[in-house]
Amino acid sequence: MIDSFKNTTDGKYEFTINYSERELTCHVVREGDTLHVRLDNNINAVIELQPDGTAIQTSGDELPASSVEFIKKQVLDPNTDSDKGSGF
């Protein structure tokens, strides 16, 4: 089960994600179409939301495409309910 605290009024999100066979806390700060991502206080990345609905990572520690997609869905879809995170 994913614990998710979504607060779109201040653009901050927190949820768990499976990454490298570990369950990590993911913190996201959204500034417009930019997502500033921090996993477990030691993995940082910046993800840009594109007009066509895709998300691309523009900087930081390289994340698998499935993790980028999972993070995007957690931020954009308040009804997302996933049991296993991204699986990476």
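Quick note: the coordinates plus some simple rules give every number you see, no bench work behind them. The model shown is predicted, which means the values in this text are computed figures rather than measured ones. Neighbour counts run over all protein chains shown; Cβ positions are idealised from the backbone, glycine included.
Mind sorting Ser59, Ser67 by how few other Cβ atoms lie within 10 Å of their own Cβ, fewest first?
Ser59, Ser67
Given R₀ = 35 Å, what would the calculated FRET efficiency be for Thr58 paired with Arg22, taking r from the Cβ atoms and rounding to 0.05?
My answer for the efficiency is 0.90.
Would you mind giving the three semi-axes, in whole Å and largest first, of the ellipsoid equivalent to segment 4-76 according to its Cα gyration tensor?
Taking √(5λ) for each Cα gyration eigenvalue gives 17, 15, 11 Å.
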